[in-house]
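Read the structure below first, then the notes.
Just so you know, all these numbers are worked out from the coordinates, no wet-lab data involved. Given the structure is predicted, the values throughout are model-derived calculations rather than measurements. Cβ placement follows ideal geometry from the backbone for every residue including glycine, while neighbour counts extend to all protein chains displayed.
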Amino acid sequence: MPFKPTESQTVIPRHVAIIMDGNGRWAKKRGLPRTAGHREGAKVLRRIIRDLDSFGVEYATFYTFSTENWKRSDEEVSALMKLLEDNLDDLVNYKDENIRLRFIGGRERLSEVLREKMANAEKNSLDHTGMTVTLAINYGGRDDILRAAKKSAQLIKEGYLSEESLTEDVFESLLMTEEIPPVDLMIRTGGELRISNFLIWQISYAELYFTDTLWCDFSKKDLEKAIAEFSSRNRRFGDAK
Ligand code: IPE
Ligand code: IPE
Ligand code: MG
């Protein structure tokens, strides 16, 4: 079930999802190649993870590379993949910060090196008890839902599941986000007012927050503003309160 606040002061979202957009424009403004923006964006990611943790957020999910981002030039795609391969352990300091690191998205198209690093990071942080950080790499919301639909069809075919017992909760558990609760607050930086195929099932009752600030310029203050805005919203979940 979605997180429902009971506190009267600032309500901290349990699960924050972030579409980190605007790296290319940040670099362009400075006369730098787009990849310089991605490098800067990686630094911001690391900082914001710490800030989210300090606010008491339990789950943070970041859009790192979408199923549509393969359309970009070979040069940009390779630079992004290399950035992940070379800096995965640095990007999220899961070892020192007790963070549980996991990944969503299809892994088949990723390099062997990257896949191995991802599997290791997940294994090494499995028993960490701090915030759960999920990086979405080659992730698409439609792909996520389609794969869950195929899995449920297979389970029904094999007799492990009946059509009647396929509830929303069961289907949700077949999504890549598995045991991660639904998104409470979705933030998109970079000024675009769209979801771009991020967690489309999981944001059904999320509060949406859009800011013109480019990801590379996104600071703890901006995060605070987003959380304050979230805290002031009245989440009705269809009720008539
Ligand atoms: C977001 O920044 C990072 C990725 C999509 C990988 P962009 O690269 O989309 O930057 P803009 O939107 O072109 O400025
Ligand atoms: C969304 O940003 C994907 C990531 C931030 C990883 P895009 O820049 O790819 O989205 P569009 O193309 O503007 O919708
Ligand atoms: Mg973009």
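Inclusion of LYS43 among residues that are farther than 25 Å from ILE145 by Cβ and either touching a Cys at 6+ places or on another chain (Cβ under 9 Å) or touching a residue at least 60 places away in the same chain (Cβ under 8 Å) (or both) is warranted.
Residue-wise test of (1) in a helix (DSSP H, G or I); (2) closer than 23 Å to VAL57 by Cβ; (3) touching a Cys at 6+ places or on another chain (Cβ under 7 Å); (4) in contact (Cβ under 8 Å) with a residue 60 or more places away in the chain.
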site: MET176; (1), (2), (3), (4): no, yes, no, yes
site: GLU179; (1), (2), (3), (4): no, yes, no, no
site: VAL183; (1), (2), (3), (4): no, yes, no, yes
site: GLY191; (1), (2), (3), (4): no, no, no, yes
site: TYR209; (1), (2), (3), (4): no, yes, no, no
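In the set (1) surrounded by 15 or more Cβ atoms within 10 Å (Cβ to Cβ); (2) farther than 22 Å from THR64 by Cβ, ILE156 fails one condition alone, (1). Number of residues in the stretch 91-116 that are within 18 Å of the chain's Cα centre (by Cα) and either hydroxyl-bearing (Ser, Thr, Tyr) or under 15 Å from ASP144 (Cα atoms) (or both): the value is 6.
The stretch 9-109 holds no strands (runs of 3 or more DSSP E) entirely within its bounds that carry 1 or more residues that are of a type in the set (Asp, Glu) and crowded, with 21+ Cβ neighbours inside 10 Å. Look at THR132 and say whether it is hydroxyl-bearing (Ser, Thr, Tyr), surrounded by 14 or more Cβ atoms within 10 Å (Cβ to Cβ) and closer than 22 Å to CYS216 by Cα. So THR132 does not fit the description; no.
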